[in-house]
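Reviewing the structure listed below.
The values are calculated or read from the model by the stated rules, or taken from the named source; none is laboratory data. As the structure is a prediction and not an experimental result, all values here were calculated from the model. Every residue, glycine among them, receives a Cβ derived from its backbone with ideal geometry; neighbour counts consider all protein chains shown. When the accessible area is computed, the model is the full protein with side chains, heavy atoms only, and any ligands, DNA or RNA have been set aside. Shrake-Rupley method; radii C 1.70, N 1.55, O 1.52, S 1.80 Å.
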Amino acid sequence: MVATFTKKGSSKIWALALHGGAGPMKGENYDRSEAHMAELLREGGRMLEKGCAAVDVVCEMVKELEACGLHVAGKGSAPNRDGDYELDAAVMDGETRQAGAVAALQGIRHPILAARAVMEHSPHVMLVGRGAHDFAREHKLKRVKSPENYYQPATRKQNKTGELAHGTVGAVALDADGLLGAATSTGGALNKQPGRVGDSPLVGAGLWADERVAVSCTGIGEYFIRTSAAVDVSARMKYARRSVDEAAQDTLDNISFLGGEGGMIALDCLGRLTTPFNTAGMKRGWIHANGDFKVATFG
Ligand code: ASP
């Protein structure tokens, strides 16, 4: 599905899209997550209207999605097979292509802030496990002192094939200066093996931002890693001259062909947005300077 935007009214083009994972099940009620996402989009729209940078907006949006406990990320994360909560997140700035990521992070309330700290205060792109935790603590990020009390796993049933169910959050934004940013955060696949890292914190797989497009993915991460899904969208736009809609759909078709499932949100530098998925639904929404606004889970 594509929303095509034309500039009317506002002198600036900006746009924001969010997702809460491609794992919703038919028959479940998503009113709360839709209402929360609508509120967040309005807040993000106000930030962009005021001139905030895309990278600031995507981090703020993902932080709130982590805090709400309505998705499999942050507070809504589920434990791995050993009962530990290992979280992954990443952020990318399309202007500079600076990026920061954390994986298998335990005991930190907002993995996206830890990813941002890696981007801004270290010479590295990714820190994992204990090292990521210690780095986040050095930067005074809030801890989760009592995981069993803090986390409220957003439970979902396993799908028919018995494969791991999934859910993740992400944001892509185009700011009034024409710059793009992307962020993704997840508790990972439900019932995952300890140490397992999916696509979400991997730059080029679970997210990407450059001067052309910003992408955040959700789904069975192994397939998104094997197809370098997020950067593949940009490459198809650049080398195959595909539109953002065509490029994202081609990338997803490739994932479907391999047997993978999921979806993505992708926003180009002109504010054109697409949100394809090959699952029953994907929690998603967007807001645009021209007044276009939508939140949906199915259809
Ligand atoms: N992609 C995430 C992972 O594999 C899960 C998800 O998007 O729901 O860790």
* Rolling a 1.4 angstrom probe over the protein heavy atoms, how many square angstrom per residue are accessible across the chain? -> 40
* Asked: Once label points are set 7 Å from the Cα along Cα→Cβ at both R46 and T96, what is their separation, rounded to one decimal in nm?
  -> 2.8
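Can you tell me, using C-alpha contacts under 8 Å and at least 6 residues apart, the relative contact order of the chain as a whole percent?
About 27 percent, as a whole number.
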* the chain, accessible surface, carbon-and-sulfur percent (1.4 angstrom probe) -> 48
* State the three equivalent ellipsoid semi-axes of segment 162-240, derived from the C-alpha gyration tensor as the square roots of 5 times its eigenvalues, in descending order and whole Å. => 25, 14, 8
* Points 7 angstrom from Cα along the Cβ direction at M25 and H124: gap in nanometres? -> 3.8
* Asked: For the chain, what's the radius of gyration and Dmax over Cα atoms, in angstrom?
  -> 17.2, 54
* Most mobile listed residue (S216, S146, S256) in the chain, GNM with C-alpha springs under 10 Å -> S146
* Quick one: grab the alpha carbon gyration tensor of segment 115-155, order the square roots of its eigenvalues as a ≥ b ≥ c, and give me rounded if a/c is under 1.5, else prolate or oblate depending on whether a/b is larger than b/c. => prolate
* Specify, per residue and in Å³, the volume enclosed by the convex hull of the alpha carbon atoms belonging to segment 34-77. => 52
* Within straight-line cross-link reach of K63, aspartates and glutamates at Cα separation under 15 Å, skipping those fewer than 8 residues along the same chain -> E39, E43, D88
* Asked: Placing +1 at every Lys and Arg Cβ and -1 at every Asp and Glu Cβ, with all other atoms neutral, what dipole size does the chain have around its Cα centre, in debye to the nearest 20?
  -> 320
* Structure fact -> From the Cα centre of segment 174-226 to that of segment 239-264, the distance in Å is 14
* Count the net charge of all other residues whose Cβ sits under 14 Å from the Cβ of L202, scoring Lys and Arg as +1 and Asp and Glu as -1. => -2
* Asked: Local charge sum around G181 (other residues, Cβ-Cβ under 10 Å, Lys/Arg +1, Asp/Glu -1)?
  -> -4
* So how long is each side of segment 233-299 along the principal axes, counting just the alpha-carbon atoms, biggest first, in Å? -> 37, 30, 11
* What residue among G188, G198, G51 has the largest mean-square fluctuation in a Gaussian network model of the chain, using Cα springs under 10 Å? -> G51
* Structure fact -> Highest GNM mean-square fluctuation among P147, P111, P24, for the chain with Cα springs under 10 Å, belongs to P147
* **Summed residue charge, Cβ within 12 Å of T275's Cβ, Lys/Arg positive, Asp/Glu negative** => +3
* For segment 178-299, report the convex hull volume of the alpha-carbon atoms normalised per residue, in Å³, without decimals. => 107
* Asked: Which values, in whole Å and largest first, are the semi-axes of the equivalent ellipsoid of segment 119-250 obtained as the square root of 5 times each eigenvalue of the Cα gyration tensor?
  -> 28, 22, 13
* Spatial separation of Cα centroids for segment 64-94 and segment 18-45, in angstrom -> 16
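Quick one: what do you get for segment 198-264 if you divide its Cα Rg by 2.2 N^0.38 Å?
Relative to the 2.2 N^0.38 Å estimate, segment 198-264 comes out at 0.96.
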* Cα-based convex hull, segment 46-122, per residue volume (Å³, whole number) -> 93
